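Visitor: Supplied in structure tokens, the structure appears directly below.
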Amino acid sequence: MSAHIPTLHTARLTIRPFALADATNVQRLAGAAEVAATTLNLPHPYLDGMAETWIAGHEERAEQGIGLTWAIVRRDDAVLLGAISLGLHARHPRGGLGYWLGVTYWNQGYTTEAAYRVVTYGFAERGLYRIEAGCFPRNRGSSRVMEKIGMRYEGTLRGYLRKGETMEDVAMYAVLRSEFPIQAG
């Protein structure tokens, strides 16, 4: 486990650093076409070795202070459900939230639970002032996660990101520390 990436807990989840042993499950979950279609940085197909390379980079990003990436794991049976990350911007105390979940685990509240805990960590433990996130406007599930954790819709950036050969719009959400009800977690 990482010395730089803390383990967090919720009622149903353990949010922990990834281990290389997770690579097979990462490839299986992240490799689903439905997951790749809703995220910017997940390729499809998700090739052998990609998960190992991705996991191996987490500690360095944490050491550099540019981001933390966690595995979302169900507490009762230790099943890997997906990933959540918090990009860090030291000069402007803000974070960027990102996440993906295996299709089997969609619509069960896991992402909302994990996102709330990571945002709480960002404000309470990292001293962030603002946490933002974006999604493709067609990804209503992701928008709902952001809304449920108290983020406000700030607008849509038209043609903002390239996914494959397509320029995509991005719906932007954010929450300020002063707006967020931090609970013990």
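Visitor: Take the residues in the range 82-97 that are at pLDDT 95 or above and aliphatic (A, V, I, L, M), then tell me which one is surrounded by the fewest Cβ atoms within 10 Å (Cβ to Cβ).
Guide: 88
Visitor: I need the full set of residues from the range 1-46 which are more than 17 Å from the chain's Cα centre (by Cα), without any contact (Cβ under 8 Å) to a residue 12 or more places away in the chain and closer than 27 Å to residue 168 by Cβ, in order please.
Guide: 33, the sole residue that qualifies.
Visitor: Further question: Can you say whether residue 79 is surrounded by 15 or more Cβ atoms within 10 Å (Cβ to Cβ) and either of a type outside the set (S, T, N, Q) or touching a helix residue (DSSP H, G or I) at 6+ places or on another chain (Cβ under 7 Å) (or both), as far as the supplied structure shows?
Guide: Against the criterion (surrounded by 15 or more Cβ atoms within 10 Å (Cβ to Cβ) and either of a type outside the set (S, T, N, Q) or touching a helix residue (DSSP H, G or I) at 6+ places or on another chain (Cβ under 7 Å) (or both)), residue 79 does not qualify.
Visitor: To continue, here is another question. Residue check: is residue 113 of a type outside the set (Val, Ile, Thr) and surrounded by fewer than 18 Cβ atoms within 10 Å (Cβ to Cβ)?
Guide: No, not satisfied.
Visitor: Being charged (D, E, K, R) and at pLDDT below 95 is the filter; apply it to the range 148-167 and report the residue that is surrounded by the most Cβ atoms within 10 Å (Cβ to Cβ).
Guide: Step one: filter the range 148-167 for residues charged (D, E, K, R), giving 148, 152, 154, 158, 162-163, 165.
Next, from what is left, pick out any that are at pLDDT below 95: 162-163, 165.
Working: 162: 10, 163: 14, 165: 5.
Filtering the range 148-167 for residues that are charged (D, E, K, R) and at pLDDT below 95, the one surrounded by the most Cβ atoms within 10 Å (Cβ to Cβ) comes out as 163.
Visitor: Cβ contacts < 6 Å: first residue within 11 Å of residue 132 (Cβ to Cβ) and at pLDDT 95 or above, restricted to the range 170-185; second residue of a type in the set (Gly, Ala, Ser) and not in a strand (DSSP E or B), any location; separation 6+ or different chain. Result?
Guide: What qualifies is 175/150.
Visitor: Of these, 104, 53, 24, 112, which one is part of a helix (DSSP H, G or I), within 30 Å of residue 178 (Cα to Cα) and at pLDDT 95 or above?
Guide: So the residue among 104, 53, 24, 112 that is part of a helix (DSSP H, G or I), within 30 Å of residue 178 (Cα to Cα) and at pLDDT 95 or above is 112.
The values are calculated or read from the model by the stated rules, or taken from the named source; none is laboratory data. This is a predicted model, so every value here is computed, not measured. Glycine gets a Cβ as well: all are built from the backbone with ideal geometry, and neighbour counts include every protein chain shown.
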